[in-house]
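The values are calculated or read from the model by the stated rules, or taken from the named source; none is laboratory data. Not measured: the values here are computed from a predicted model. Because the Cβ atoms are built from the backbone with ideal geometry, glycine has one as well, and the counts that use them run over all protein chains shown.
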């Protein structure tokens, strides 16, 4: 039986901060999709991204633009107001996460791992009361949901797909960080990362990203357990 360590008030407050930010991000995405979908019904479409969204909001704010019926305009203006309020709230939450990250020694050490920014570092500090309750890095990675399902029997190892039975939030952050490392490696070369180079040569990018996320999770667990700082592999340090 594995017992769960009690989180400190600071850790619980950090989780509240992260969960509130995650909720606002989902709401932000939902409002953007609603605005684009409603305007597309009237033939008003813009490019993906922040600039395209601003173009659509300018159309909504222009009372002289007759492409948008007047009945629909107030509704879309209300959605635009909500979108801007969510953006302001997200900026404030990001500022709070950054401030907490700078005040926490463990979070600053984790931030040195490639693909682990201050958002993931603070999320790890807030989520894990005692990393030593995990016997190994693999146990920690399995708790997040980054290892394959086991279908082994009779001495034969059969591994299935990634279980995804864990912490969805941490798993998504690790995966996003791994994809960022892969994008950087593809742009600037992977010769200093032989393990990643060999993996990308035989596996699709998304599969490689999960494998790299698993590796990053194990590294984070080791650093939290031993109180160590990130050490570059020999291939990178050379």
Problem - Some residue of segment 81-88 being surrounded by 12 or more Cβ atoms within 10 Å (Cβ to Cβ) and modelled with pLDDT under 95 - result: no
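Quick one: is residue 94 surrounded by fewer than 16 Cβ atoms within 10 Å (Cβ to Cβ), over 16 Å from residue 227 (Cα atoms), in contact with a helix residue (DSSP H, G or I) (Cβ under 7 Å, 6 or more places away or on another chain) and not assigned by TED's automatic domain parsing to the domain that holds residue 178? Explain how you work it out, then say what you get.
Working: surrounded by fewer than 16 Cβ atoms within 10 Å (Cβ to Cβ): yes; over 16 Å from residue 227 (Cα atoms): yes; in contact with a helix residue (DSSP H, G or I) (Cβ under 7 Å, 6 or more places away or on another chain): no; not assigned by TED's automatic domain parsing to the domain that holds residue 178: yes.
In short, no.
Being exposed (fewer than 13 other Cβ atoms within 10 Å of the Cβ) and farther than 20 Å from residue 21 by Cβ narrows it down to one of 114, 69, so name that one. Walk me through how you get there before you give the answer.
Working: 114 fails: exposed (fewer than 13 other Cβ atoms within 10 Å of the Cβ).
Exactly one residue qualifies, and that residue is 69.
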Practice task
Return yes when residue 71 is touching a residue at least 12 places away in the same chain (Cβ under 8 Å) and not in a helix (DSSP H, G or I) and no when it is not.
Solution key: no
Practice task
State all residues of segment 43-66 that are in a loop (DSSP other than H, G, I, E, B) and surrounded by 13 or more Cβ atoms within 10 Å (Cβ to Cβ); if no residue qualifies, say none.
Solution key: 44, 46
Problem - Matching option when the condition is at pLDDT 75 or above and more than 19 Å from residue 112 (Cα to Cα), among 180, 208, 222, 176 - result: 208
Exercise for the section: Just name the residue that is nearest to residue 77 (Cα to Cα) out of those in segment 1-42 that are surrounded by fewer than 11 Cβ atoms within 10 Å (Cβ to Cβ) and touching a helix residue (DSSP H, G or I) at 6+ places or on another chain (Cβ under 8 Å). Expected result: 4
